[in-house]
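The values are calculated or read from the model by the stated rules, or taken from the named source; none is laboratory data. Worth saying up front: this structure is predicted, and the values here are computed from it rather than measured. Each accessible area value is taken on the protein alone, full model and side chains, heavy atoms only, with ligands, DNA and RNA left out. Shrake-Rupley method; radii C 1.70, N 1.55, O 1.52, S 1.80 Å.
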Amino acid sequence: MADRQAVPARPAWKEPMLWLVVAIPAASVVASVALLVSAARSSGNNDAVTDRVQRTAQIQVADLAPDLAARRLQLAATLRVHGDRIRVSPASAAFPRDAMLRLTLQHPLRAQHDITLDMPRDGEGWQLQHPLARGHDWNLSLAAADGRWRLQGRLLRGRDTAELRPALASR
């Protein structure tokens, strides 16, 4: 029988199987900690809907009265952006022309970039000067200053015009 040469034992840190046994659980722990840190840093409510909601038996209930009022009044408007100037023009004859309007521009991802503007009456519409980032879409909400009615729309990236309509379709 041939003499077998003894294979010298390798140090444990050179064994690939040991690295797998240690690395996979360690990566899981690091990922879990990163997820917990990310969740702890998110601020406040992460809902896509910014309206006040009442939670009853794990069901969210929002007040739709402003949307119903806009539908009943058959309101519609057009928003136009030209440079730093934002203009809202009524698109229906029933539009209350004496009211101050509140325009809310909601960033699609970051609530800290949301903008709320009180728009003064100017001739046949409402307009004001305010710089607006145009590199992303904006979710729009136009309402009477007292909150009686509300129109909604979306200003797409790179577009200058958006239609504002009641959120609830007419029957």
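What to note about this one:
- Expressed as a whole percent, the accessible area of the chain that falls on carbon and sulfur atoms is 56 (1.4 Å probe).
- Overall form of the chain per C-alpha gyration tensor (a/c, 1.5; a/b vs b/c): prolate
- The overall shape of region 126-171 is oblate: from the C-alpha gyration tensor, with semi-axes ordered a ≥ b ≥ c, the ratio a/c is 1.5 or greater and a/b is no larger than b/c.
- Candidates Met119, Met100, Met17, ranked by Gaussian network fluctuation over the chain, Cα under 10 Å, top entry: Met17
- Summed over qualifying helices (DSSP H, 4 residues or more, each -39500 (n - 2.57)) and divided by its residue number, the chain shows a 222 nm mean residue ellipticity of -7000 deg cm²/dmol.
- On Cα atoms only, tilt of 16-41 relative to the major axis of the chain in degrees: 20
- Whole-number accessible area per residue in Å² for the chain, which is evaluated in the context of all protein chains at 1.4 Å: 71
- The chain: most fluctuating residue of Ala40, Ala23, Ala65 per GNM, C-alpha cutoff 10 Å: Ala23
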